[in-house]
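**Student:** Quick one: the structure is below, and I'll ask about it shortly.
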Amino acid sequence: MKKTIAKILVITLALILAATAFTGCKKKGKTLDELKQSGKLVIATSPDFPPFEELQSDGSITGIEIDLLNKICEELGVKLVISSMSFESVLPAVQTGKADAGVSGITITESRKKNTLFTDPYCLAAQAIVVTEGSDIKSKADLNGKKVSVQTATTAEKFCMQNGYSVSAYEANSDAEEALLTGKVDAWVIDDLTAAEMVAVHNAGEGTKLVILSEPMTTEPYALAFNFGSEDLVAEINKIIKAMLADGSMKALFEKYDAPFTSP
Ligand code: ARG
């Protein structure tokens, strides 16, 4: 009898410890004051997503969202600090407090909203299908039963799984592209503006040409991702986004990168 009680106690204690360890890694997002006090805004990003964020050969990261964040940081009076990682690590970095914000062409979705505090959207994108020239895939309907590459943890991955395609997920976008070029998959599904940029760069070189099918498959509102607790900070950033949408400076940011702009 005594032994059973001891056992129950040990198990309960282990459970309590496990639970605190788990909640221990969940941090609250910074308030506007806390952020200003820290003097910096740390963003988590996956810089393989031109024209939004792209790693340059000199090690710098450039793009529409980097310009947008520089503008936001200037308005808030803090320094922008970029922490680069794979896309699948971006939202976890925000949830565990390793970064103040996730900035990675992130689409607002109902399931992400459970763990993420999003700003208002600042633009709209869509999923696009990329194939090699001469492919017999001409539209979404032709994807049934086909092999498709995507980036891990993206809305493209979710969309393709839900549609029952045979999905190969890659940590880096460039590897998802490479899978198509080497014939491992029949199509590559990726957000349209990034598809346009990466395909243009690829097609400027030698070898097999890539084609983007003109069938936008989803609507993807892009926003900046914060953690709960940052509500007043997000409200402040929403004001900046609203003003930039109203005075044309958001559109101008896209024009700077030769990207078409769709207002949310
Ligand atoms: N918009 C898509 C999503 O939210 C893809 C984003 C990929 N971003 C990146 N930086 N690789 O899932």
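**Student:** In the list Gly24, Gly102, which residue meets the criterion of being at pLDDT 95 or above and either small (Gly, Ala, Ser) or assigned by TED's automatic domain parsing to the domain that holds Ala200 (or both)?
**Tutor:** Checking each option against the conditions leaves just Gly102.
**Student:** One residue is enough: does region 68-79 have a residue meeting the conditions in a loop (DSSP other than H, G, I, E, B), open to solvent by less than 30 Å² (accessible area, probe 1.4 Å) and over 18 Å from Ile190 (Cβ atoms)? Show your work before the answer.
**Tutor:** Here is the first cut: in region 68-79, the residues in a loop (DSSP other than H, G, I, E, B) are 77-78.
Cutting the leftovers down to open to solvent by less than 30 Å² (accessible area, probe 1.4 Å) gives us 78.
The next check asks that each one be over 18 Å from Ile190 (Cβ atoms); those that pass are 78.
Yes: region 68-79 contains one or more residues that are in a loop (DSSP other than H, G, I, E, B), open to solvent by less than 30 Å² (accessible area, probe 1.4 Å) and over 18 Å from Ile190 (Cβ atoms).
**Student:** Out of curiosity, is Leu193 in the same structural domain as Phe226 (by TED's automatic domain parsing), within 16 Å of the ligand (Cβ to nearest atom) and open to solvent by 10 Å² or more (accessible area, probe 1.4 Å)?
**Tutor:** When the stated conditions are applied, Leu193 does not pass them.
**Student:** Just to check your reading of the model, which residue among Ala156, Ala176 is assigned to a helix (DSSP H, G or I), within 30 Å of Ile241 (Cα to Cα) and touching a helix residue (DSSP H, G or I) at 6+ places or on another chain (Cβ under 9 Å)?
**Tutor:** Details: Ala176 fails: within 30 Å of Ile241 (Cα to Cα).
The unique qualifying residue is Ala156.
**Student:** Still on this model: Can you find a residue in region 204-216 that is open to solvent by less than 10 Å² (accessible area, probe 1.4 Å), in contact with a strand residue (DSSP E or B) (Cβ under 6 Å, 6 or more places away or on another chain) and assigned to a loop (DSSP other than H, G, I, E, B)?
**Tutor:** no
**Student:** If we keep just the residues of region 116-152 that are touching a Phe, Trp or Tyr at 6+ places or on another chain (Cβ under 9 Å) and assigned to a loop (DSSP other than H, G, I, E, B), which is most open to solvent (accessible area, probe 1.4 Å)?
**Tutor:** The residue in question is Asn144.
**Student:** Scan region 54-64 residue by residue and report those that are over 16 Å from Asp192 (Cβ atoms) and open to solvent by less than 10 Å² (accessible area, probe 1.4 Å).
**Tutor:** Answer for region 54-64, where residues must be over 16 Å from Asp192 (Cβ atoms) and open to solvent by less than 10 Å² (accessible area, probe 1.4 Å): there is none.
**Student:** Answer yes if at least one residue in region 130-138 is of a type in the set (D, E, K, R) and within 21 Å of the chain's Cα centre (by Cα), and no otherwise.
**Tutor:** No: zero hits.
The values are calculated or read from the model by the stated rules, or taken from the named source; none is laboratory data. Treat the numbers as computed from the prediction; the structure is a model and nothing was measured. Cβ atoms come from the backbone with ideal geometry, glycine included; neighbour counts cover every protein chain shown. Just the protein is used for accessible areas: all its heavy atoms, side chains included, with ligands, DNA and RNA removed. Shrake-Rupley method; radii C 1.70, N 1.55, O 1.52, S 1.80 Å.
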